[in-house]
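> The structure follows.
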Amino acid sequence: MTTRAATPADLDAIMALEHASFPTDAWSPAMMREELSSPHGFYVVVEEAGRLVGYAGLRAVRGARDADIQTITISESARGRGRGRALLGTLLDEAVGRGVHDVFLEVRADNPVAQALYASEGFAEVGRRPRYYQPDDVDAIVMQLDLRGWVARRGDAATGDDARGPIPAGPTDGKGWC
């Protein structure tokens, strides 16, 4: 498994995975191309045996105190093996490097796998956006992470003092996640 920075050359593979994972509300190639080239974006891909099996993106304006996780997507065949958690960690490490204090994201209310992943890393629900995901009429759960607290908990984990408890188990058929 190789994790590396995404490039515009990855667009076709990213879009194939995007459409497979989010058939009703996939981003357009133009939107993704813009994200990959934005100075405010940070996108990474995961490859196995030369095949792209995941990607993730963060939007963090340099100097801003908050950032947004735009997406984390893992191919169905590669889910359930920690790749989503690894990508999340990569995005959060980048946010730390950019001086971010709070990270936000939206997650589908019908995706308990992704919700459990985020909660296990310290994200908390701070709101809902009714019928946010169209055309499916699925609510978005808005979650927030105090990044300084996340860093402190990671330091505790390195010394064996991790107070988060066990990571919740769940089905591995979440929509494009984990």
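The values are calculated or read from the model by the stated rules, or taken from the named source; none is laboratory data. Only a predicted model underlies this, so the values are computations on that prediction, with no experimental measurement involved. So basically every Cβ, Gly included, is an ideal-geometry build from the backbone, and we count neighbours across all protein chains shown. When the accessible area is computed, the model is the full protein with side chains, heavy atoms only, and any ligands, DNA or RNA have been set aside. Shrake-Rupley method; radii C 1.70, N 1.55, O 1.52, S 1.80 Å.
> Work out, step by step, the length gained on full extension between Met31 and Glu47: first 0.36 nm times the residue separation, then minus their alpha carbon distance; give nm to one decimal.
Result: 3.6 nm gained on full extension.
> Here's a follow-up. Express in whole angstrom the spacing between the alpha-carbon centres of segment 66-80 and segment 125-150.
15
> Classify segment 1-49 as rounded, prolate or oblate, taking a ≥ b ≥ c as the square roots of the eigenvalues of its Cα gyration tensor: rounded when a/c is under 1.5, otherwise prolate if a/b is larger than b/c and oblate if not.
oblate
> Now, a different point. Let me know the shape class of segment 67-111, please: from the alpha-carbon gyration tensor, a ≥ b ≥ c as square roots of the eigenvalues, rounded when a/c is under 1.5, otherwise prolate if a/b is greater than b/c, or oblate.
Cα axes put segment 67-111 in the oblate bin.
> Right, something else. How long is the gain from Met1 to Asp102 if the chain were fully straight, where each residue apart is worth 0.36 nm and the alpha carbon distance is subtracted?
So the chain would gain 33.4 nm between Met1 and Asp102.
> Grab the DSSP H runs of the chain that are 4 residues or longer, score each as -39,500 (n - 2.57), total them, divide by all residues and round the 222 nm result to the nearest 500 deg cm²/dmol.
The helix-only estimate for the chain comes to -9500 deg cm²/dmol at 222 nm.
> Filter the trypsin sites (Lys or Arg not before Pro) in segment 30-73 to those in DSSP coil with at most 16 other Cβ atoms within 10 Å of their Cβ, and list the result.
Arg62, Arg65
> To continue, here is another question. Multiply the residue gap between Arg131 and Asp146 by 0.36 nm, knock off their C-alpha separation, and tell me the result in nm, one decimal place.
So the extension gain works out to 2.8 nm.
> Considering only DSSP beta bridges with both partners in the chain, what is the antiparallel share in %, to the nearest 5?
Roughly 90 percent of the DSSP beta bridges within the chain come out antiparallel.
> Let me ask something else about it. For segment 27-138, what does the accessible surface come to per residue with a 1.4 Å probe? Please give it in Å².
Ligands and nucleic acids excluded, the figure is 44 Å² per residue.
> A follow-up question, please. Please report the net charge: other residues with Cβ closer than 15 Å to the Cβ of Arg62, K and R +1, D and E -1.
0
> Connecting C-alpha atoms closer than 10 Å in a GNM of the chain, tell me which of Ala114, Ala16, Ala67 has the biggest fluctuation.
Ala16
> Please report the carbon-and-sulfur percent of the accessible area for the chain; probe 1.4 Å, protein heavy atoms only, DNA, RNA and ligands left out.
52
> Another one. Highest GNM mean-square fluctuation, the chain, Cα pairs closer than 10 Å: which of Leu58, Leu88, Leu11?
Top of the fluctuation ranking is Leu11.
> While we're here: Report, please, the projected area of the chain averaged over directions, based on the convex hull of its C-alpha atoms, in nm².
Computing the convex hull of the Cα atoms and averaging its projections yields 10.0 nm².
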